[in-house]
Amino acid sequence: MLVLVINCGSSSVKYQVRDTAATGEENQVIAKGLVENIGSAEIPTHTEALDIMAKALVEPLHGKTIDAIGHRIVQGGDVFSEPVLVTDEVITKIDELSPLAPLHNPAHVLGLKAAQETYPGVPMVAVFDTAFHGTMPEHVYRYAVPEELVEKYGVRRYGFHGTSHDYVTGIAADFLGLDRSDFNGVIAHLGNGASVTAVEGGQCLDTSMGYTPLAGLVMGTRSGDIDPSVLTSIMMRDPEMTPAKMDSLLNKESGLLAIAGNNDMRAVVEAMEAGDERAKLALDMTSYRLAKYIGAYHVAVGGAKALVFTAGIGENSHQFRELAVERLGALGIKLDAEANKVRGDEPRLISTEDSAIPVLVVPTNEEKAIAEATEALVA
Ligand code: ADP
């Protein structure tokens, strides 16, 4: 099946056409690309962006037609716990969840409608970043705040990167020769945005992101966990610190960027190796926070059977993996220095034989996961 996978942001559309019947990543990916600057004079709306995409796809498709479209949707709230076929009602519900993901869901709705215009009659599936986390029990997802906030604002932990955590969980279980339902583990998805998930019996028990993707780990430009009174206290004292400014400060000007002056992990590691003290502090903070979550989740799942690294940093930065795992000595988890440095596109073991549990690198592939989910629903 030829599946077009679309990830619509407010100013860009990322896309990939995949042939789910082909073998191997190189053969599955028929075309991919990015249309940027939506909102500019040349590309005023998502409709023009999808037209540009459709034109760019003519040649690589060689006359074949798209069988189905899979859309990545960030926030499914507690409405969507699995992928769904897109109907007008589904689009309305995704729109209604916009207050919970103001940067993402409105753009997804524009993308869904534009795709309906560009590819009339082609079945579409919405795949939600939050869906994998739908199995968290109430004592995990609930915040200790009055019920009123839950009812009025939907305040609770939702979690994100679910498509990746789900995909990587399946591959890791396979790699270890376990039934997915026997897999307890900790999955660290470390990209520009980063989150760690506690998996019990192959399902999500807990995850570090919360009501929004700001919570949890120290990220490229996001603070991660912070005492909420820091925000209220500053906002009460400084009349210029509006909620919008505070939001931007914590989402776009914090994290590695605030401490090391750069949000790119590669650059921060290089700076540390060159003796930069701020870069060292940033890496100490980032790896410490991650190790703390891993320790907590190891306990939460009743003893993880594996620790798994994925996404840009998790897959590529052997230095960062080493900094994080060094802090797990009390759990008996040990990296094999040589295996940790090996690079590749395949799942691999990077711990020593006497490590208490295996440590794996499992490359994520959200597009593949979305294409598979789309095919499963449409077929
Ligand atoms: P996202 O999808 O969240 O935008 P990615 O998963 O692509 O992010 O990860 C981006 C991060 O991965 C950046 O911080 C980048 O520096 C880091 N990264 C990519 N390659 C390497 C590498 N070889 N060494 C260290 N970090 C890397």
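The values are calculated or read from the model by the stated rules, or taken from the named source; none is laboratory data. Keep in mind that what you see is a predicted model, and the values were worked out from it rather than measured. FYI the Cβ positions are ideal-geometry reconstructions off the backbone, even for glycines, and counts take in every protein chain you see. Just so you know, the surface numbers come from the protein's heavy atoms only, side chains and all, with ligands and any DNA or RNA stripped out. Shrake-Rupley method; radii C 1.70, N 1.55, O 1.52, S 1.80 Å.
Below, the figures for the structure above:
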item	result
Accessible surface, per residue, of the stretch 182-334 when the full set of protein chains is kept, probe 1.4 Å, Å²	44
Placed amide H near Ala306: partners under 5 Å, 5+ positions off or other chain	Val186
Restraint check, Lys113/Lys368; Lys14/Lys252; Lys280/Lys341; Lys93/Lys245, Cα-Cα greater than 25 Å	Lys93/Lys245
Neighbour net charge for Arg142 - beta-carbon separation under 13 angstrom, K R +1, D E -1	-3
Environment charge at Ile38 (Cβ cut-off 13 Å; Lys +1, Arg +1, Asp -1, Glu -1)	-3
HN-Hα J in Hz across the stretch 93-100 - Karplus 6.51, -1.76, 1.60, θ = phi - 60°, x for Gly and Pro	5, 4, 5, 5, 7, 4, x, 7
Net charge of Cβ neighbours under 13 Å - reference Thr221; Lys, Arg +1; Asp, Glu -1	-1
Packing-based ranking, highest mean first, of 232-239, 127-134, 18-25 given that Cβ atoms within 10 Å are counted	127-134, 18-25, 232-239
Between the stretch 332-360 and the stretch 2-76, the alpha-carbon center distance in angstrom	35
Set of aspartates and glutamates near Lys32 by C-alpha distance (under 17 Å), chain-local residues within fewer than 8 positions excluded	Asp19, Asp51, Glu59, Asp67, Glu366, Glu367, Glu372
Percent of beta bridges antiparallel (DSSP, the stretch 1-157, rounded to nearest 5)	60
Residue-normalised accessible area of the stretch 1-158, expressed per residue, 1.4 Å probe, Å²	50
